[in-house]
Amino acid sequence: MTNFKLGKKQIYASSSSGFQSRNMDESPPSLPMDSKYLNPKEQVKAQSKVKLPHGKSSIVLPNSDIDELLECPVCSNAMFPPIQQCPSGHTLCFSCKNKVNNKCPICRKEIGEIRCLALEKLAVSLQLPCTYHNMGCNEMFPYYSKLQHEENCVYRPYTCPHPGQDCSFTGDISELLSHLRDCHKVDLQTGCTFNHRYVKQNPGSVDNCSWTLTLFNCFGHYFCLHFEAFLLGNEPVYMAFLRFLGEESEARKFNYCLEVGGHGRKLKWQGVPRSIRTHHKMVRDSHDGLIIHRRLALYFSGNNQELKLRVSGKIWREM
Ligand SMILES: [Zn+2]
Ligand SMILES: [Zn+2]
Ligand SMILES: [Zn+2]
Ligand SMILES: [Zn+2]
């Protein structure tokens, strides 16, 4: 991690400061390292320990050292109070103590009830950059509110909007677009109007996995049109709605309308696209889209054997 800015005061780690960095391991060298509990970075460190220059009363820690100082050697996450400490001064999360059976993963000494207040206080004085600074977030946060910000940071990666079985892909918009194209074979269309036909054999069976997704590129942004079949109570319904590839605040600048019909009847919907930050199931459960009951859908289709719906629509920018 780069870009560190320390809090009000410059932080020094000295050998007399009460807490010890892992580099100042006092454990007898003959003790074997219990490296199976260590994360890969720690394992490398355990093999080749970096010696801090001695003969100085205090040492300014390079930024990455502060980061490492607060990183749990077991789970690699940032540690939060109560930070635990072994008799030799190695630190780890409270919740990771159980995972290592109360044995320090570095020196194997029994971990008692020692809390590392010094490290907790050091953490309070830190101002850290958001984890997503590489993706454009320039904000700095006190250690203990950083995680909260990161959960809502607008630069955090998006999860894949594809409604298929849960896909774990995350990325920025351009990464999402290539992922949707390459891994899910989603069509990308250009223009702000569309006209889609949805055909389904055997419309009597409505399962929850029935859906399609289409991408649109217009006004320099990307939208995805969902078409899903699901049960609303006991009644099978079809639903079409639009999501925006971006933040909710941007999504609100757009409007869209959808139209479906046949045999002289027409159903219309006008709405505001939802951000892909909102899960498609949440949009569906809030009924924020065009809902077509099956009986009407079959009436539009003209027969009961095959569902044939033509959904047309338009996206425009709110003035
Ligand atoms: Zn941990
Ligand atoms: Zn230890
Ligand atoms: Zn951020
Ligand atoms: Zn995906």
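What pairs come up if the first residue lies in the range 257-284 and is closer than 15 Å to Tyr238 by Cα, the second is in a loop (DSSP other than H, G, I, E, B), and their beta carbons are under 7 Å apart, counting only those six or more places apart or on different chains? As it stands, the answer is Trp269/Gly289; His280/Pro161; His280/Pro163; Val283/Gly289, since those pairs meet every condition given. Under the condition of being farther than 13 Å from Gly271 by Cα, assigned to a strand (DSSP E or B) and not aliphatic (A, V, I, L, M), the residues counted in the range 217-261 number 14. Scanning the range 226-264 for residues that are within 22 Å of the chain's Cα centre (by Cα) and surrounded by 17 or more Cβ atoms within 10 Å (Cβ to Cβ) yields His226, Leu242, Arg243, Phe244, Leu245, Gly246, Ala251.
Annotation: of all residues in the range 205-256 being without any contact (Cβ under 8 Å) to a residue 24 or more places away in the chain and touching a strand residue (DSSP E or B) at 6+ places or on another chain (Cβ under 6 Å), the one that is nearest to Thr193 (Cα to Cα) is Thr212. Flag: Gln165 matches the condition of being in a loop (DSSP other than H, G, I, E, B) and modelled with pLDDT under 90.
Taking into account only those residues within the range 101-139 that are closer than 19 Å to Glu68 by Cβ and surrounded by fewer than 17 Cβ atoms within 10 Å (Cβ to Cβ), which is nearest to ligand 3 (Cβ to nearest atom)? The extreme case among them is Asn134.
When every residue of the range 117-138 is checked against the conditions, at least one turns out to be farther than 23 Å from His221 by Cβ, within 16 Å of ligand 2 (Cβ to nearest atom) and not acidic (Asp, Glu). Out of everything in the range 151-168 that is of a type in the set (A, V, I, L, M, F, W, C) and closer than 18 Å to Thr214 by Cα, what residue ends up being surrounded by the fewest Cβ atoms within 10 Å (Cβ to Cβ)? Among them, the one singled out is Cys167.
Residues satisfying the criterion are absent from the range 139-154 (criterion: part of a loop (DSSP other than H, G, I, E, B), of a type in the set (Ser, Thr, Tyr) and over 24 Å from Glu248 (Cα atoms)).
The values are calculated or read from the model by the stated rules, or taken from the named source; none is laboratory data. Owing to the predicted nature of the structure, the values given are computational and were not obtained by experimental measurement. We place every Cβ from the backbone using ideal geometry, glycine too, and count neighbours over all the protein chains shown.
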